[in-house]
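Asker: Right, I'll just put the structure down here and ask away after.
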Amino acid sequence: MTDPVAPEASAPLPLPPAHPRRLVYLGTPEMAVAPLRALHAAGYEVALVVTGADKRRGRRAEPSPTPVKLAAIELGLQVSHDLADVPAVGADLGVVVAYGRIIRRPLLEVLPMVNLHFSLLPRWRGAAPVERALLAGDERTGVCVMAVEEGLDTGGVYASVDLAIRRTSTAAELGAQLTDIGSRLLVDTLAAGLGTAVPQEGEPTYAAKLGPADLHLPWERPAVELDRVVRVGGAWTTFRGKRLKVLRSRPWPADPAPGAPGELHADRAATGHGTLQLLDVQPEGKAATAFGDWANGARPAAGELLGAGVDA
């Protein structure tokens, strides 16, 4: 990811070699593991892997490494958490995949970089392109190999592949598909030669990182929109003052809503348009369960409201 502030006019950044061999890999989450493995398996010399710092996953847990760090150690690759270590390894290209930090111009002047970005640019530049495409109801998404510039995902595109978003696609499913497709695209693009990046065309949109408010279910919205939130993952409402995650659902847009938004009748909640069938839920502090099993214990009354008194 690069700086979102548009830079002032300056000298062009150096172009990457057509056929790089010695790489620096910059990535952090699970989505960045498969591309690293693909480059290593294809015979590229990965001189250094730069990833996020070890983090605690719980209050009392010991700091644990990022998924990319674990994979790099398994592959016997040198690992760093510091971008300042990049120039010293003598690489001819940097490969960025969901690294999660700003890469400044001074480093780009030393080492040209490409980025594997999980959208069809210029739509959904930024941190959460898969989730934002799903929330927006896009019919297609994709993955690009692009040049890294100073602006936020503004570089030209070397290659891209698109992918249909099905009506039941989840963010996790799309992420896995795009990671697989993108890993092959990255290796194939480097093997074929980078050539000239094609400037992006069209109106850009931006994919800000999601927060709890983005995953809250406002029952006055249509059922199909609420189902998209559920398919992103982490969707939540409240029931009797406690959070209730909705893990899996099915929209019934043609159903007449049987009352006020959020009103619960059996396993269906009224929405602003249609009803949303709740299939799997997770009560606060408890394990995930089928809605029917939850309802047997919670015993919601007919017409009881979900989301009453919510503070997102």
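Asker: With segment 212-311 as the region, which helices (runs of 4 or more DSSP H) entirely inside it contain at least 2 residues that are over 26 Å from Ala133 (Cβ atoms) and not hydrophobic (A, V, I, L, M, F, W, C)? Walk me through how you get there before you give the answer.
Answerer: On the way: elements: 212-215, 223-232, 291-298.
In segment 212-311, the matching helices (runs of 4 or more DSSP H) lie at 291-298.
Asker: Quick check on my filter: what residues within segment 55-94 are loosely packed, with under 13 Cβ neighbours inside 10 Å and either touching a Ser or Thr at 6+ places or on another chain (Cβ under 9 Å) or among the polar types (S, T, N, Q) (or both)?
Answerer: Matches in segment 55-94: Lys55, Arg56, Arg57.
Asker: Against the definition (small (Gly, Ala, Ser) and within 18 Å of the chain's Cα centre (by Cα)), how does Ala127 come out, yes or no?
Answerer: Numbers: small (Gly, Ala, Ser): yes; within 18 Å of the chain's Cα centre (by Cα): yes.
Criteria met by Ala127.
Asker: Picking from Ala133, Ala147, Ala128, Ala164, which residue would you name as being surrounded by fewer than 20 Cβ atoms within 10 Å (Cβ to Cβ), assigned by TED's automatic domain parsing to the domain that holds Ala88 and not aromatic (Phe, Trp, Tyr)? Quick ask: steps written out before the conclusion?
Answerer: Details: Ala133 fails: surrounded by fewer than 20 Cβ atoms within 10 Å (Cβ to Cβ); Ala147 fails: surrounded by fewer than 20 Cβ atoms within 10 Å (Cβ to Cβ); Ala128 fails: surrounded by fewer than 20 Cβ atoms within 10 Å (Cβ to Cβ).
None of the others qualify; the one that does is Ala164.
Asker: Exactly one of these conditions fails for Ala11: (1) assigned by TED's automatic domain parsing to the domain that holds Ser183; (2) surrounded by fewer than 17 Cβ atoms within 10 Å (Cβ to Cβ); (3) out of contact with any strand residue (DSSP E or B) (no Cβ under 9 Å at 6 or more places or on another chain). Give me its number.
Answerer: So the condition that Ala11 fails would be (1).
Asker: Taking the condition of being modelled with pLDDT of 90 or more and of a type in the set (Lys, Arg), how many residues in segment 41-78 meet it? Break it down into steps so the answer makes sense when it comes.
Answerer: Of all residues in segment 41-78, those modelled with pLDDT of 90 or more come to 41-54, 64-78.
Filter once more, keeping what is of a type in the set (Lys, Arg): 69.
Of the residues in that region, 1 qualify.
Asker: Going by the conditions given, is Leu36 at pLDDT 95 or above and either hydrophobic (A, V, I, L, M, F, W, C) or under 23 Å from Ala172 (Cα atoms) (or both)? Talk me through it step by step, then tell me what you get.
Answerer: Values: at pLDDT 95 or above: yes; either hydrophobic (A, V, I, L, M, F, W, C) or under 23 Å from Ala172 (Cα atoms) (or both): yes.
Considered against the rule, which asks whether it is at pLDDT 95 or above and either hydrophobic (A, V, I, L, M, F, W, C) or under 23 Å from Ala172 (Cα atoms) (or both), Leu36 comes out as yes.
Asker: Next question. With respect to the numbered conditions (1) buried (at least 20 other Cβ atoms within 10 Å of the Cβ); (2) out of contact with any Gly (no Cβ under 8 Å at 6 or more places or on another chain); (3) of a type in the set (A, V, I, L, M), which one is the sole condition not fulfilled by Ala288?
Answerer: For Ala288, the exception is condition (1).
Asker: While we're here: List every residue pair whose Cβ atoms lie under 8 Å apart, where the two residues are 6 or more positions apart in sequence or sit on different chains, the first residue falls within segment 176-199 and is basic (Lys, Arg), and the second residue, located anywhere, is part of a helix (DSSP H, G or I).
Answerer: Arg184/Ala38
Asker: Just give me the residues in segment 183-216 being within 13 Å of the chain's Cα centre (by Cα) and crowded, with 17+ Cβ neighbours inside 10 Å, in sequence order.
Answerer: Ala207, Leu210
Asker: Taking segment 66-94 only, how many residues are closer than 22 Å to Leu152 by Cβ and touching a helix residue (DSSP H, G or I) at 6+ places or on another chain (Cβ under 7 Å)?
Answerer: Residues in segment 66-94 being closer than 22 Å to Leu152 by Cβ and touching a helix residue (DSSP H, G or I) at 6+ places or on another chain (Cβ under 7 Å): 3 in total.
The values are calculated or read from the model by the stated rules, or taken from the named source; none is laboratory data. The structure presented is a predicted model; accordingly, all values stated were derived computationally and were not measured. Using ideal geometry, Cβ is built from the backbone for each residue, glycine included, and neighbour counts are taken over all protein chains shown.
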